[in-house]
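To start, the structure under review is shown below, and the notes come after it.
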Amino acid sequence: MILAILTGLFLLLVFSPAVWTGVMRSLFPGLERVIYSMAPLGQLVLEHVFLVGISSGLAAVLGLATGIFVTRSWGRDFLPAVNALASMGQTFPPVAVLALAVPAVGFGYRPTIIALLIYGLLPIVRNTIAGIESLDGAVLEAARGMGMTPGQVLAKVELPLAGPVIMAGVRISTVINIGTATLGATIGAGGLGKPIIAGLIGENPAFILEGAILVGLFAVIVDTGLGLLVRQDIAQA
């Protein structure tokens with residue numbers, strides 16, 4: 001119910017400019033322009049979804065694969081290095097990643113996706129490792145005793161049991177990327193950061209509030225939706 005209400009409110013704000021006009025005129029009566037009009041809000045939402053979807057999808061695949069690799073006997077020696085690299089990626093400012101990536105791949109969505117990918121890896125890697133490492137050894141031994149191969153143990157026992165913890169990492173990573181993706185507007189990647197950047201440059205608080213509200217609602221909707229998936233996984237386990 002809450003997810004449906006939030007989604008309805010988000011769609012109303014995206015496709016009903018009159019709502020923004022009424023609210024912003026009452027909040028900022030002295031401003032000449034209270035609605036960002038350089039691009040339709042629907043287009044900005046699609047651009048933001050593209051940036052977050054691609055980067056978070058890649059982060060999920062790479063983070064899960066890396067977490068599985070370092071929890072195997074043949075990859076455990078790399079565990080400290082992976083933890084260190086993932087932590088460094090989280091502490092490295094996204095703006096700095098953008099600045100380094102632009103000369104290599106140019107302006108637009110590519111450097112933004114690279115920055116979001118690096119920034120979103122840590123929660124997924126750590127939660128994958130924590131979820132798999134926390135499993136009861138007796139359960140894994142019983143699975144092996146039933147004649148399961150290592151691949152079957154991973155696919156049928158480890159990943160399903162560790163699934164809620166891994167999904168929690170994906171949830172955190174995705175929500176972080178939704179907010180961080182606004183920085184992509186500074187290098188021509190588009191998205192909901194465009195009204196915010198335009199408001200900062202033009203000293204227009206209405207533009208800033210417009211973009212910030214939509215980004216915040218988007219993050220809450222995704223967080224709520226992924227949270228429901230995690231609870232369903234726990235209930236089915």
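Can we say ILE208 is touching a helix residue (DSSP H, G or I) at 6+ places or on another chain (Cβ under 7 Å), β-branched (Val, Ile, Thr) and in a helix (DSSP H, G or I)? So ILE208 fits the description; yes. Has segment 105-114 got at least one residue that is part of a loop (DSSP other than H, G, I, E, B), in contact with a helix residue (DSSP H, G or I) (Cβ under 8 Å, 6 or more places away or on another chain) and touching a residue at least 24 places away in the same chain (Cβ under 8 Å)? Within segment 105-114 (the criterion being part of a loop (DSSP other than H, G, I, E, B), in contact with a helix residue (DSSP H, G or I) (Cβ under 8 Å, 6 or more places away or on another chain) and touching a residue at least 24 places away in the same chain (Cβ under 8 Å)), the answer is yes, since at least one residue qualifies. Might you let me know whether segment 129-152 holds any residue that is among the basic types (Lys, Arg), in a helix (DSSP H, G or I) and surrounded by 22 or more Cβ atoms within 10 Å (Cβ to Cβ)? No: zero hits. When residues in segment 194-205 are screened for being acidic (Asp, Glu) and part of a helix (DSSP H, G or I), 0 of them pass. Just one of the numbered conditions (1) assigned to a helix (DSSP H, G or I); (2) within 22 Å of THR112 (Cα to Cα); (3) modelled with pLDDT of 90 or more is not true of GLY191: (1). Of the residues making up segment 169-177, none is closer than 23 Å to PHE69 by Cβ, among the charged types (D, E, K, R), in contact (Cβ under 8 Å) with a residue 60 or more places away in the chain and assigned to a helix (DSSP H, G or I). Each residue in segment 159-185 was checked for being under 10 Å from PRO123 (Cβ atoms) and either charged (D, E, K, R) or surrounded by fewer than 22 Cβ atoms within 10 Å (Cβ to Cβ) (or both), and 5 pass. Only one of (1) under 26 Å from PHE78 (Cβ atoms); (2) in contact (Cβ under 8 Å) with a residue 40 or more places away in the chain; (3) aliphatic (A, V, I, L, M) fails for ALA189. Which number is that? Of everything listed in (1) under 26 Å from PHE78 (Cβ atoms); (2) in contact (Cβ under 8 Å) with a residue 40 or more places away in the chain; (3) aliphatic (A, V, I, L, M), ALA189 misses just condition (1). What is the number of the single condition among (1) of a type in the set (A, V, I, L, M); (2) within 26 Å of ALA185 (Cα to Cα); (3) touching a helix residue (DSSP H, G or I) at 6+ places or on another chain (Cβ under 6 Å); (4) free of Cβ contacts under 8 Å to residues at least 60 places away in the same chain that LEU135 does not meet? Among (1) of a type in the set (A, V, I, L, M); (2) within 26 Å of ALA185 (Cα to Cα); (3) touching a helix residue (DSSP H, G or I) at 6+ places or on another chain (Cβ under 6 Å); (4) free of Cβ contacts under 8 Å to residues at least 60 places away in the same chain, LEU135 violates only (2).
The values are calculated or read from the model by the stated rules, or taken from the named source; none is laboratory data. Computed from a predicted model, the values in this text were never measured in an experiment. Using ideal geometry, Cβ is built from the backbone for each residue, glycine included, and neighbour counts are taken over all protein chains shown.
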